[in-house]
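The values are calculated or read from the model by the stated rules, or taken from the named source; none is laboratory data. In this text the structure is predicted, and so the values were computed from the model without any measurement. With ideal geometry, Cβ positions are generated from the backbone for all residues, glycine too; neighbour counts draw on all protein chains shown.
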Amino acid sequence: MNNKNFARQLKKISNNIFEHGSPWTESQFESQLMQANTEIIYHFEDDEIIGYIICQRVLDEAELLLIGVIPGYKHRGIATQLLKDMCQRLKQKKVLHLFLEVRVKNIEAISFYDKHGFKELGIRKNYYKHPNDDAKIMQLEI
């Protein structure tokens, strides 16, 4: 599958995963897929992608850009497995720290990250739009 078709599929899935619709456009997905330092892992069920994680590496650090599972498949350990698999891949590439931003109102996601050992580093005021929200910055030592 080429990047354009894959980006279209990820955008469609993201619209289902995220409460306020996909945070990225199709062209943002396509652009990210073309970056050499992008890491992506996805989970299939019945020949359909039902979850994915996307990270971007820079030297010994990485940023978790997106992670999600289609609502009907949540609470089955899929996101946990995606995160574990990504951390293993990043560790093999000598990444030491994984960072992320998450909406402060996204209690479910924050609970997930807390459960997996992420620590809060700070808050970015008014980071998100539509709807407006602050971002909690978190870090995991890999």
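In table form, for the structure just shown:
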| read-out | value |
| --- | --- |
| Selected residue [buried (at least 17 other Cβ atoms within 10 Å of the Cβ), part of a loop (DSSP other than H, G, I, E, B) and touching a strand residue (DSSP E or B) at 6+ places or on another chain (Cβ under 7 Å)] from Val102, Val95 | Val95 |
| Among residues of region 110-129, those that are in a helix (DSSP H, G or I) and polar (S, T, N, Q), counted | 1 |
| Meets criteria (closer than 19 Å to Met138 by Cβ, surrounded by 17 or more Cβ atoms within 10 Å (Cβ to Cβ) and not basic (Lys, Arg)) for Ile13 | no |
| Breaking point among (1) under 23 Å from Lys11 (Cα atoms); (2) more than 14 Å from the chain's Cα centre (by Cα); (3) surrounded by 13 or more Cβ atoms within 10 Å (Cβ to Cβ); (4) hydrophobic (A, V, I, L, M, F, W, C), for Ile142 | (1) |
| Every pair of residues 6+ apart whose Cβ atoms lie under 6 Å, when the first sits in region 122-142 and is closer than 25 Å to Arg57 by Cβ while the second is surrounded by 12 or more Cβ atoms within 10 Å (Cβ to Cβ) and hydroxyl-bearing (Ser, Thr, Tyr) | Ala135/Tyr127; Met138/Tyr113 |
| Number of the condition not met by Lys119 [criteria: (1) surrounded by fewer than 17 Cβ atoms within 10 Å (Cβ to Cβ); (2) closer than 23 Å to Glu19 by Cα; (3) modelled with pLDDT of 95 or more; (4) basic (Lys, Arg)] | (2) |
| Residues that are closer than 17 Å to Lys12 by Cα, exposed (fewer than 15 other Cβ atoms within 10 Å of the Cβ) and either free of Cβ contacts under 8 Å to residues at least 24 places away in the same chain or charged (D, E, K, R) (or both), drawn from region 47-79 | Asp47, Glu48, Gly72 |
| Strands (runs of 3 or more DSSP E) fully within region 9-77 counting 3 or more residues that are over 26 Å from His97 (Cα atoms) | 48-58 |
| Some residue of region 80-87 being aliphatic (A, V, I, L, M), surrounded by 18 or more Cβ atoms within 10 Å (Cβ to Cβ), within 27 Å of Glu141 (Cα to Cα) and in contact with a Pro (Cβ under 9 Å, 6 or more places away or on another chain) | no |
| Total residues in region 106-142, condition β-branched (Val, Ile, Thr) and farther than 23 Å from Leu90 by Cα | 2 |
| Any hit, region 7-19, residues being modelled with pLDDT under 95 and over 21 Å from His130 (Cβ atoms) | yes |
| Residue check for Glu30: among the charged types (D, E, K, R), over 27 Å from Leu121 (Cα atoms) and surrounded by 13 or more Cβ atoms within 10 Å (Cβ to Cβ) | yes |
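Quick grid of which residues meet (1) of a type in the set (Lys, Arg); (2) more than 15 Å from the chain's Cα centre (by Cα):
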{"site": "Lys74", "(1), (2)": "yes, no"}
{"site": "Gln81", "(1), (2)": "no, no"}
{"site": "Met86", "(1), (2)": "no, no"}
{"site": "Leu100", "(1), (2)": "no, no"}
{"site": "Ile107", "(1), (2)": "no, yes"}
{"site": "Phe112", "(1), (2)": "no, no"}
{"site": "His116", "(1), (2)": "no, no"}
